[in-house]
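Notes follow the structure.
The values are calculated or read from the model by the stated rules, or taken from the named source; none is laboratory data. Treat the numbers as computed from the prediction; the structure is a model and nothing was measured. Backbone-built Cβ (ideal geometry, glycine too); neighbour counts: all protein chains shown. Each accessible area value is taken on the protein alone, full model and side chains, heavy atoms only, with ligands, DNA and RNA left out. Shrake-Rupley method; radii C 1.70, N 1.55, O 1.52, S 1.80 Å.
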Amino acid sequence: MLIKNLTIPETLLIYPVKEQVIFPHMVFPLFVDSGEMPLIDQAMHDDHLVGILKYIDDEKPPTPDNLTRVGTVCHINKVFRFPEGGSKVVVEGVHRIFIDEFIETEPFLKASITAIEEGDSKNLIADALIQSVNALLKIAMAYGRPLPGDVIKMIDEIDSPGRLSDLVTIYLSLNVDEQQRMLEITDPMERLKEVYIHLTNEVQKLQVQGEVQSEVAKRLGKNQKEYLLKEQMKEIQEQLGTEDPNQAEINELRTLLDETEMPEEVRAVAEKELSRLERINPASPEYTVARTYLDYLCAVPWLKGSEDQLDIANARIILDEDHYNLKEVKERILEYLAVRSLKETTKGPILCFVGPPGVGKTSLGRSIARAMGREFIRMSLGGMKDEAEIRGHRRTYIGALPGRIIREICRVEANNPVFMLDEIDKIGQDFRGDPASALLEVLDPEQNNSFNDHYLDVPFDLSRVMFITTANLLDPIPHALKDRMEVIPLSGYSDEEKLQIALKYLIPKEVSENGLEEEPPTFEEEALYKSIKDYTREAGVRNVERKIAAVCRKIALEKTEKGTKRQTITPAVVEELLGPCSYFTDVASEEDRVGVVTGLAWTEAGGEILFIEATRMEGDKRLTLTGSLGDVMQESAKAALSHIRSHATEFGIDPDFYEHSDLHIHVPSGAIPKDGPSAGVTIATALVSLLSNRPARRDVAMTGELTLSGRILPIGGIKAKVLAARRAGVKTILLPQRNRESLQELDPHLLKDVDIRFVDSLADIIKIALVQPGSPGNRSRPAAPTSSSLFVPGG
């Protein structure tokens with residue numbers, strides 16, 4: 001069979017290919033591995049012809065069952081051999097062939113073939129299809145479909161439907177399987193119809209893409225147009241005196257920034273942030289973050305403060321109006337005002353009020369602010385565990401805010417308020433940070449002039465702020481923080497002071513709050529004394545206020561129900577309205593007992609009395625300590641016993657008293673923990689009383705730390721302990737000699753009902769506290785006493 005001067009043999013060597021379909025009349029390159037080149041060489045040796053078939057499954061080997069039955073006989077035009085192995089073989093498709101059968105598989109695939117004849121299909125329908133395909137190709141090119149220039153010329157010259165369909169198929173976006181299906185269509189007209197259908201679909205896709213691109217181009221042009229219009233609108237709005245809302249907000253911020261007084265370094269940061277804000281889309285989350293930050297920068301009173309009232313006489317009047325006594329605190333505030341009147345730039349003091357609950361620490365801060373004419377801020381630190389409460393959050397976090405210190409200063413709009421940090425001894429600590437460490441910078445006069453809040457990220461001057469902290473105990477406060485504060489102790493009030501506070505402050509307040517202002521009741525002093533002594537036990541006046549409030553409420557109830565109202569409140573009325581007494585504090589009337597001694601202790605709630613009991617039984621030299629005693633108190637008991645054993649003869653005690661005995665020391669109210677060294681002399685006196693069989697005077701109370709050599713060391717909380725002794729009816733108080741100076745700080749009226757004696761050794765105490773044999777003051781009885789006074793931990 002002779003086609004294009006080539007004779008197609010009845011048998012051909014077969015070269016299988018993957019992912020490629022060869023069409024007649026087309027030139028294709030094949031990249032052949034060196035292992036497959038013998039087949040190409042053999043074909044070159046025979047007649048330069050080879051049959052090319054496509055794999056059915058590319059993953060399987062080229063067996064006869066895995067090759068298509070329709071392929072193309074190709075002429076090998078050129079072979080380019082590569083130095084590294086393999087070759088590029090250029091082949092030209094000659095004719096479609098059909099595989100009759102494979103006759104050889106080794107060493108090469110060889111098959112008998114039949115050339116597929118295509119009849120003459122030229123007619124009017126063919127001409128119309130050819131013209132339609134040509135038109136569609138030009139439309140596709142108009143929409144951007146790339147076609148080589150020589151291919152366009154070839155298409156214009158081809159008038160055969162079969163050749164045209166084969167040529168166009170190559171440039172359609174068909175996958176390999178679709179191309180193989182087109183190769184297997186033997187009717188040229190049917191093949192050309194398929195090409196026409198595919199080409200039509202592709203042109204429609206190109207039209208849609210073109211429309212989309214055109215719309216995008218229009219929108220881009222629209223955006224540019226909008227930009228130009230916006231610029232023109234700005235100009236028009238400026239001429240009319242109106243503004244764009246977003247630009248109006250920016251202009252408002254700029255005006256606010258210009259009007260706000262702030263340091264230059266802060267202004268530079270604000271200007272930079274405002275310039276950044278102008279470039280941010282208002283719909284972006286970053287816009288809100290930057291806007292809020294600028295609001296805070298403008299809200300902070302960088303250079304704005306309230307004017308201090310430097311009239312010292314007026315300040316003294318205001319302080320006395322709000323609080324009774326508290327001379328040391330009032331003097332310290334007046335000193336600060338005096339310095340401020342002499343020197344304008346003065347750092348604010350950092351004070352720490354330490355005292356039991358109810359003595360007026362918090363309300364004193366408000367009174368100080370009123371006396372100085374400053375704003376007052378109170379922030380409770382109790383239970384605070386997050387450092388960010390002090391320093392703020394960084395702006396990278398969602399919902400970030402400045403710390404409480406900056407927020408409160410913004411609220412009062414002054415950079416020199418009286419800032420009270422309440423309950424600083426109850427501050428917490430966990431994985432979120434240590435707020436106490438963050439306060440180190442706040443409460444340091446050398447550092448707080450450049451306090452850096454994490455949110456603002458610019459320094460703020462806190463040196464003009466008067467910081468006042470409050471605490472019930474100093475021990476829980478970290479040493480570094482305690483060192484930065486000026487500690488001012490606030491001891492409890494005496495009964496006389498509580499009486500004056502009730503008359504001047506509490507009664508008018510409760511009468512007003514309970515609606516008795518029209519006909520206020522009159523409280524007799526004896527009635528108030530009864531409320532203070534028999535119904536309260538505290539260093540402050542909170543419970544006194546509650547009892548007065550209870551009396552006022554009951555009077556209001558009587559007036560509402562019965563129409564009658566008590567005009568004068570006597571002790572009998574107090575007992576009638578409040579019920580039986582809650583406390584019996586007169587220990588002087590108790591019996592003197594052997595081995596039972598009255599001691600004094602100091603707690604966070606003020607001073608307290610405690611009883612220490614000692615007893616002796618047969619045993620083997622054991623010392624038992626009970627009553628929830630801490631390590632320090634247990635060591636004090638052991639030191640007292642060792643001192644007595646080493647000086648037994650001096651105290652009139654049998655030196656061998658411990659040989660066949662056990663000693664038991666107990667402090668009542670065993671459920672309450674107790675600790676501290678100041679009970680040392682009390683324990684030693686109880687042991688001497690027990691071992692010498694001499695009763696201890698119940699109206700004598702003592703406190704002091706006892707050393708192993710018998711010296712008595714000074715202790716703290718003198719005022720609170722003296723007040724506790726007076727409340728309990730103690731007549732004589734024994735204090736260490738080295739505490740004599742501390743006594744000078746007490747008001748004289750606190751000492752008029754008690755006899756205070758100073759001692760240097762345990763022997764001095766024994767002479768005063770123990771009843772001498774044969775003394776008429778001996779009122780001892782064998783039964784062990786029980787204390788009606790509740791002891792709170794401390795000492």
Flag if Glu518 is more than 30 Å from Pro349 (Cα to Cα) and free of Cβ contacts under 8 Å to residues at least 24 places away in the same chain: yes
Failed item, numbered, when Met420 is tested on (1) without any contact (Cβ under 8 Å) to a residue 60 or more places away in the chain; (2) over 30 Å from Ala539 (Cα atoms); (3) in contact with a Ser or Thr (Cβ under 7 Å, 6 or more places away or on another chain): (2)
Options Arg191, Arg163: the member that is part of a helix (DSSP H, G or I) and within 19 Å of Arg69 (Cβ to Cβ): Arg191
Members of the stretch 27-38 found to be open to solvent by 20 Å² or more (accessible area, probe 1.4 Å) and either farther than 16 Å from Thr72 by Cβ or at pLDDT below 85 (or both), listed by number: Phe31, Asp33, Ser34, Gly35, Glu36, Pro38
Of the criteria (1) surrounded by fewer than 20 Cβ atoms within 10 Å (Cβ to Cβ); (2) under 30 Å from Glu344 (Cβ atoms), which one Arg484 fails: (1)
Residues that are in a helix (DSSP H, G or I) and within 19 Å of Lys304 (Cα to Cα), drawn from the stretch 383-429: Arg404, Ile405, Ile406, Arg407, Glu408, Ile409, Cys410, Arg411, Val412
Candidate set from the stretch 544-586 (those that are β-branched (Val, Ile, Thr) and open to solvent by 10 Å² or more (accessible area, probe 1.4 Å)); member that is farthest from the chain's Cα centre (by Cα): Thr564
Top-ranked residue in the stretch 441-454 [being among the acidic types (Asp, Glu) and surrounded by fewer than 20 Cβ atoms within 10 Å (Cβ to Cβ); ranked as nearest to the chain's Cα centre (by Cα)]: Glu441
The lone exception for Ile733 - which of (1) within 23 Å of Gly355 (Cβ to Cβ); (2) at pLDDT below 85; (3) over 47 Å from the mean Cα position of the chain (by Cα) it fails: (2)
In the stretch 724-737, the residues that are surrounded by 23 or more Cβ atoms within 10 Å (Cβ to Cβ) and of a type outside the set (D, E, K, R): Ala724, Ala725, Ala728, Val730, Ile733, Leu734, Leu735, Pro736
Hits in the stretch 642-687 (condition: part of a helix (DSSP H, G or I) and under 24 Å from Trp602 (Cα atoms)): Gly680, Val681, Thr682, Ile683, Ala684, Thr685, Ala686, Leu687
Those strands (runs of 3 or more DSSP E) lying entirely in the stretch 31-137 with at least 2 residues over 24 Å from Glu178 (Cβ atoms) and acidic (Asp, Glu): 87-104
Identity of the residue in the stretch 647-680, more than 49 Å from the chain's Cα centre (by Cα) and touching a residue at least 60 places away in the same chain (Cβ under 8 Å), that ends up surrounded by the fewest Cβ atoms within 10 Å (Cβ to Cβ): Glu650
Failed item in (1) more than 16 Å from the chain's Cα centre (by Cα); (2) closer than 28 Å to Ser363 by Cα; (3) surrounded by 15 or more Cβ atoms within 10 Å (Cβ to Cβ), with Ala438 passing the rest: (1)
Top-ranked residue of the stretch 362-382 - restricted to ones that are assigned to a strand (DSSP E or B) and closer than 15 Å to Pro417 by Cα, ranked as most open to solvent (accessible area, probe 1.4 Å): Arg378
Some residue of the stretch 196-216 being among the acidic types (Asp, Glu), surrounded by 11 or more Cβ atoms within 10 Å (Cβ to Cβ) and at pLDDT 80 or above: yes
Residue in the stretch 147-156 that is free of Cβ contacts under 8 Å to residues at least 12 places away in the same chain, touching a helix residue (DSSP H, G or I) at 6+ places or on another chain (Cβ under 9 Å) and open to solvent by 30 Å² or more (accessible area, probe 1.4 Å) present: yes
Failed condition for Ala701, given (1) among the hydrophobic types (A, V, I, L, M, F, W, C); (2) modelled with pLDDT under 85; (3) not in a helix (DSSP H, G or I): (2)
Scope the stretch 72-103; condition among the acidic types (Asp, Glu) and surrounded by 13 or more Cβ atoms within 10 Å (Cβ to Cβ); matching residues: Glu92, Asp100
Residues that are basic (Lys, Arg) and closer than 20 Å to Pro38 by Cβ, drawn from the stretch 67-81: Lys78, Arg81
